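Quick note: the coordinates plus some simple rules give every number you see, no bench work behind them. Just so it is clear, the structure is predicted and the values come from calculations on it, not from any experiment. Here the Cβ positions follow ideal geometry from the backbone for every residue, glycine too, while neighbour counts run over all protein chains shown.
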Amino acid sequence: MKMLIKRLCILLCITFLSTNISAQEFQGKAYYVSKSTMDLGRWGAKLSEAQKKQIQARLKNRLEKTYILTFNKEESFFKEEEKLDAISGATDSWGKNFAAGDQYKNVKTNTQIQNQDFYGKRFLVKDELQPIEWKMINETKQIGNYMCFKATASVPTNELSWYSFSWDRLRNKEKKEVDSTNVGTDKLGMTDTKIDEVLDMTEIEAWYTPQIPVGHGPSEYWGLPGLILEVSAGNTTMLCSKIIMNPEEKSDIIAPKKGEEITKKAYQETITMKMQEFRNNRARRRRG
């Protein structure tokens, strides 16, 4: 009897260890193709169709990108596949200053760590994962071999594009500074410091598959009960083109470690301030 109990205990220990190891070793790779459209605004209305196509061709590297998302049950690593410019044969070094860097996410610890290079200086952006309140929609569609379900959300645009630069963001910053110095008073002499501000929101549409039950997704997107295979936000759509589950050669999912530590908000403020300085210095040189 004692021998039987001992054998049962050993068998249970082996089963537990093998299950735990398989959970730790579980890994997948999802390949995404990202396509963006460019709004040329009023300036674009003056261009011919041939000129518009020429601009699209020159900016193809910035409008069409490919990414790899490596993930296990808790962690993921999202990285752009670097490619040569179709015209110059070089990498897009200028565009890299405002593109998303290598991104590590941990859904268990609610952590995001991302490398960002801005004009030769490396930053290590450490923050919480982007909060997203998903609304589940009763719609399905097939993406490759996977049945996917729809979810939507609305997120402040600045929080999705914190790594990028926008002249509109700079103009809004300068307008706030002007408004804060031109504070009016009412008839009773009370100071009116209220500044109206409209928060720009981005509508998100995502498709996830419960067949891969992990809370990961490309870029800032996560938090659904299955891997996100397609996501559309603003003028950009990311679509998963290939998935490899438990590849023979597994990749280490390691958070970036080099760079000046900073939060998302502080990084956004830093690059906006630097671009403001670049513009002002250029204006002074022209006047001189």
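Taken across the range 248-256, residues that are of a type in the set (Lys, Arg) and closer than 21 Å to HIS216 by Cβ do occur, with at least one present.
Within the range 197-232, restricting attention to residues that are among the hydroxyl-bearing types (Ser, Thr, Tyr) and assigned to a strand (DSSP E or B), which residue is farthest from GLU159 (Cα to Cα)? Once the filter is applied, the top-ranked residue is THR209.
For the range 235-256, the count of residues that are free of Cβ contacts under 8 Å to residues at least 40 places away in the same chain, surrounded by 15 or more Cβ atoms within 10 Å (Cβ to Cβ) and among the β-branched types (Val, Ile, Thr) is zero. Scanning the range 106-150 for residues that are over 19 Å from GLY226 (Cβ atoms) and crowded, with 17+ Cβ neighbours inside 10 Å yields GLN112, ILE113, GLN114, ASN115, GLN116, PHE118, PHE123, LEU124, VAL125, LYS126, ASP127. The set of residues from the range 124-166 being free of Cβ contacts under 8 Å to residues at least 24 places away in the same chain and not in a loop (DSSP other than H, G, I, E, B) comprises GLU128, LYS135, MET136, ILE137, ASN138, GLU139, THR140, GLN142.
Among the residues of the range 151-164, those identified as closer than 16 Å to GLY217 by Cβ and buried (at least 18 other Cβ atoms within 10 Å of the Cβ) are ALA151, ALA153, VAL155, LEU160. For the range 240-288, residues that are within 18 Å of the chain's Cα centre (by Cα), among the hydroxyl-bearing types (Ser, Thr, Tyr) and part of a loop (DSSP other than H, G, I, E, B) total 1.
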